[in-house]
Amino acid sequence: MTDPERQNIESSLHETRVFPPRPAAELGMSHWVVDGREDYREQHRRAIEDPERFWGAVASELDWFEPFSRVLDWKAPDAKWFDGGVTNVCHNALDRQIAAGHGDEVALIWEGEPTPGGQPEVLRFTYRELHAEVCRFARALDALGVKKGDVVTIYMGMVPELAIAVLACARIGAPHSVIFGGFSAQAIVDRVQDASSQVIVTCDGSWRRGGVVPLKANVDQACATLEAKGHPVRDVVVVRRVGNDVDWHAGRDKEWSDLVADQAPDRAPEPMAAEDMLFLLYTSGSTGKPKGIVHTTGGYMVWTYFTARATFNLLPDEGQVYWCTADIGWITGHSYILYGLLPNRVPTIMYEGAPNAPDEGRFWEIIERHKVTHFYTAPTAIRAFMKWGDKHVTGKDLSSLKVLGTVGEPINPEAWAWYHRVIGRERCPIVDTWWQTETGGHMLTPLPGVTATKPGSCTTPMIGVDAAIVDAGTFREVEPGGGGLLVIRRPWPGMLRGIHGDRQRFVDTYWHNDRGYYVAGDGARQDEDGFFWIMGRVDDVINVSGHRIGTMEVESALVGHPAVVEAAVVGMPHEIKGTGIAAFCTLEPHWAAKFDADPKAVTDALRAHVAKEIGPFAKPDALRFADGLPKTRSGKIMRRLLRDVAAGIDGHQDTTTLEDRGVLENLRACQVY
Ligand code: WT7
């Protein structure tokens with residue numbers, strides 16, 4: 001456990017405030033989708049006792065080309081949901097709205113990064129317009145020879161074409177693999193290769209605080225490496241966004257604008273079996289190799305549609321405008337910018353840029369400009385705004401807000417209270433949503449109008465979720481108040497169906513028990529009211545600004561640099577990021593001499609190297625150098641001791657198994673870079 005996690009538990013243990021739900025009318029909404037505690041209990045019970053009937057009814061609210069014959073076929077760890085059913089997620093997101101007469105309503109609002117001193121560019125797409133753009137690009141993919149089942153890699157900034165590309169893939173049945181635009185060329189190589197993907201959709205570059213992220217150059221570099229590895233990429237499609245100079249590989253590279261120019265604005269949605277793959281999304285685990293999480297069509301579609309509506313109280317026809325600040329490169333963006341929102345017919349905002357560019361008022365201006373009713377962001381952003389000060393918020397008209405959400409990491413009660421007071425003006429319910437890339441959608445979360453909230457707790461399970469805290473050894477449920485592993489005891493529609501190409505890792509990582517429980521990898525406890533409090537990861541994964549990073553990935557990046565002989569990476573408390581990255585390295589003798597002469601040159605080189613191998617967001621916040629790392633007699637690095645050193649505390653831990661105590665003293669004394 002890292003120190004912020006410990007602090008969080010400390011403050012959450014002392015947290016006693018309870019905020020009861022209030023009437024929907026107070027927030028100008030006609031009703032709560034889940035109508036109070038009793039309705040929730042009843043739906044939760046029905047969904048668990050009779051998933052066939054419950055989820056069958058929810059699924060039937062959406063269109064199926066062929067009806068499903070069986071709702072759930074479960075033999076742990078393999079679930080088939082809506083077997084026999086044939087549908088298309090893109091059809092349900094767009095065509096279904098158009099057919100019901102809503103084609104001219106706004107589906108997607110896009111706001112670009114404002115140029116210095118300039119106005120932000122805003123584009124609005126109705127369902128009909130978005131449908132036309134998606135169909136054009138779907139046809140472009142057809143023309144490139146992309147077939148159902150071919151994985152299309154998408155590595156773009158937050159431009160409308162990103163949403164269009166994702167939906168076009170869903171339309172033609174080509175699973176997308178979106179790689180967050182902050183990842184490096186090397187990260188692209190690993191993911192493209194693992195997915196055997198032949199097509200990459202990218203941008204010339206993307207804007208980030210007025211600077212250019214050279215996306216196309218990263219793709220070029222990745223393609224060169226892939227070529228050398230015998231895995232040539234066939235097509236690279238390029239959207240022009242920033243107008244930077246890019247190299248052009250004739251034959252391989254194609255302009256997006258050329259490809260769509262003459263395409264007709266219609267393309268039939270591919271009939272997809274419920275268990276056909278919808279997408280792959282890579283996420284970090286406890287080994288160095290990212291896992292390609294597999295989500296399929298029917299279950300994911302139903303789960304994101306249902307959970308988005310329940311958690312946010314989405315009501316079409318009531319002027320709602322929903323904004324999730326995540327990047328589509330992460331699961332939050334997949335599920336709660338696009339897939340969960342479009343079928344619910346509430347306009348969804350997608351923004352390009354950063355919270356503090358051109359200034360720290362960006363978020364609040366977006367809320368004011370678009371009269372945002374639903375705002376969903378991460379604790380790290382909330383903490384950053386707290387630090388920047390209330391002055392950026394005061395004077396902004398946030399009166400449109402109705403429901404606030406948070407996601408990605410435990411929210412400390414102080415940040416929760418600020419969010420509630422300064423942003424929510426003490427009116428808006430806050431939904432603290434716990435879930436994972438693997439779960440597809442919300443698993444533990446308050447429902448507005450239903451759940452009393454406690455700052456720092458993600459409260460109670462979503463309808464249909466059978467969550468429990470079990471002892472890590474016996475897998476038996478622990479007494480209320482006790483900590484243990486968070487598990488989900490029954491299947492749910494949005495669950496992952498596998499790790500691409502690695503059955504064994506899927507079984508070992510999530511299902512390592514004979515009860516058929518899904519093991520989330522988080523530690524948690526339940527209080528006397530049955531509320532869940534997440535305590536943090538129990539594996540070697542850390543959560544940095546809501547981004548999951550495997551400590552081994554950072555370690556292998558570091559030892560990949562010639563200077564580093566050995567490296568150990570742990571989480572450390574970080575005021576804004578929640579958890580920061582602390583790295584301990586031993587240096588190769590030549591480099592150690594270099595380091596003595598010019599430490600900055602070496603630390604800069606190491607940080608740059610990690611940025612190159614993984615991405616800038618994985619750069620260590622604190623680097624320490626020593627002659628040795630604390631190890632057991634059998635040679636295992638004692639990470640718990642390193643966590644204390646990184647946190648600057650003496651945890652008075654048992655050091656009897658430590659081989660050489662001097663090592664620890666040296667580490668405590670050494671300078672932090
Ligand atoms: C891990 C999943 C789910 C989308 C964003 C992250 C942590 C997520 C919460 C929350 C406490 C949370 C967990 C989880 N986490 N939401 N509300 N409270 N912790 O997705 O990259 O798959 O990471 O994020 O540790 O296991 P992800």
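The values are calculated or read from the model by the stated rules, or taken from the named source; none is laboratory data. In this text the structure is predicted, and so the values were computed from the model without any measurement. Virtual Cβ from ideal backbone geometry, glycine too; neighbours counted across all protein chains shown. Just so you know, the surface numbers come from the protein's heavy atoms only, side chains and all, with ligands and any DNA or RNA stripped out. Shrake-Rupley method; radii C 1.70, N 1.55, O 1.52, S 1.80 Å.
Solvent-accessible area assigned to carbon and sulfur over the chain amounts to 50 percent, based on a 1.4 Å probe.
Under a Cβ-only charge scheme (Lys and Arg +1, Asp and Glu -1), can you give me the dipole magnitude of the range 541-669 about the Cα centre, in debye to the nearest 20?
300 debye
When the Kirkwood radius is taken over all Cα pairs of the chain, what Stokes-Einstein diffusion coefficient follows at 37 °C and 0.692 mPa s, in µm²/s? Translational D for this selection: 128 µm²/s. What 222 nm value per residue comes from the helices of the chain, counting each DSSP H run with n ≥ 4 as -39,500 (n - 2.57) and dividing by all residues, nearest 500 deg cm²/dmol? Helices in the chain give a 222 nm mean residue ellipticity of -8500 deg cm²/dmol.
With viscosity set to 1.306 mPa s and temperature to 10 °C, compute the Stokes-Einstein D of the range 541-669, Rh being the Kirkwood radius across alpha carbon pairs; µm²/s, no decimals. Diffusion coefficient, whole number: 106 µm²/s.
Dipole orientation for the chain: of the candidates Leu623, Ala273, Gly149, Leu623 has the Cα lying most toward the positive pole (charges on Cβ; Lys, Arg +1; Asp, Glu -1).
List the relative contact order of the range 541-669 as a percent without decimals, with contacts defined as Cα pairs under 8 Å and 6+ residues apart. Averaging sequence separation for qualifying contacts and normalising by length gives 22 percent for the range 541-669.
Counting Lys and Arg as +1 and Asp and Glu as -1, each charge on the Cβ, what is the dipole of the range 74-137 about the Cα centre in debye, to the nearest 20?
Values: 6 positive and 10 negative charges, 63 e Å.
For this selection, approximately 300 debye.
With Cα atoms defining each centre, the range 603-641 and the range 207-227 are spaced 26 Å apart in the structure.
Restricting to DSSP loop positions (anything but H, G, I, E, B) with no more than 14 other Cβ atoms inside 10 Å of their own Cβ, which GluC sites (Glu not before Pro) remain in the range 97-201? Don't skip to the answer; put the middle values down first.
Values: sites: Glu105, Glu111, Glu121, Glu129, Glu133, Glu161; in loops: Glu105, Glu121.
Sites meeting the loop and neighbour criteria: Glu121.
Rounded to the nearest 20, the size of the Cβ-charge dipole of the chain about its Cα centre is 220 debye, with Lys and Arg at +1 and Asp and Glu at -1. For the peptides 542-551, 290-299, 581-590, the ranking by mean Cβ contacts within 10 Å, running from highest to lowest, is 290-299, 542-551, 581-590.
Computed from backbone phi, the HN-Hα couplings of the range 435-442 come to 6, 8, 3, 5, 8, x, x, 4 Hz, rounded to whole numbers (Karplus: 6.51 cos²θ - 1.76 cosθ + 1.60, θ = phi - 60°; Gly and Pro given as x). Among 149-158, 439-448, sorting by the average number of other beta carbon atoms lying within 10 angstrom of each residue, highest first, gives 439-448, 149-158.
Ranked by the mean number of other Cβ atoms within 10 Å per residue, highest first, peptides 423-429, 368-374, 249-255 order as 368-374, 423-429, 249-255.
Just to check, using Stokes-Einstein with a Kirkwood Rh over alpha carbon pairs, what's the diffusion coefficient of the range 512-581 at 4 °C and 1.567 mPa s in µm²/s? Using the Kirkwood radius from Cα pairs, D works out to 90 µm²/s.
From Cα pairs below 8 angstrom and at least 6 apart in sequence, can you work out the relative contact order of the chain, rounded to a whole percent?
Values: 1464 pairs, mean separation 96.7, N = 673.
Here the relative contact order equals 14 percent.
Farthest toward the positive end of the dipole of the chain, out of Val672, Cys203, Ala138, is the Cα of Val672, where the dipole comes from beta carbon charges about the Cα centre.
Using a cut-off of 24 Å between Cα atoms, the listed pairs Lys229/Lys289; Lys216/Lys371; Lys216/Lys577; Lys148/Lys291; Lys75/Lys148 include Lys216/Lys371; Lys216/Lys577; Lys75/Lys148 as exceeding that distance. Listed by chain and number, the aspartates and glutamates whose C-alpha is less than 12 Å from the C-alpha of Lys147, apart from same-chain residues fewer than 8 away, are Glu270. Simple rule: put +1 on each Lys or Arg Cβ and -1 on each Asp or Glu Cβ in the chain, find the dipole, and look at Gly501, Gly298, Ile469; the Cα lying farthest toward the positive end is Ile469. Across the range 337-468, the mean sequence separation of Cα contacts (distance under 8 Å, 6 or more residues apart), normalised by length, yields a relative contact order of 17 percent.
Using the heavy atoms of the protein chains and a 1.4 angstrom probe, tell me the accessible area per residue for the chain in square angstrom. Spell out each step's value before the answer.
On the way: 24680 Å² over 673 residues.
With all protein chains present, the chain gives 37 Å² per residue.
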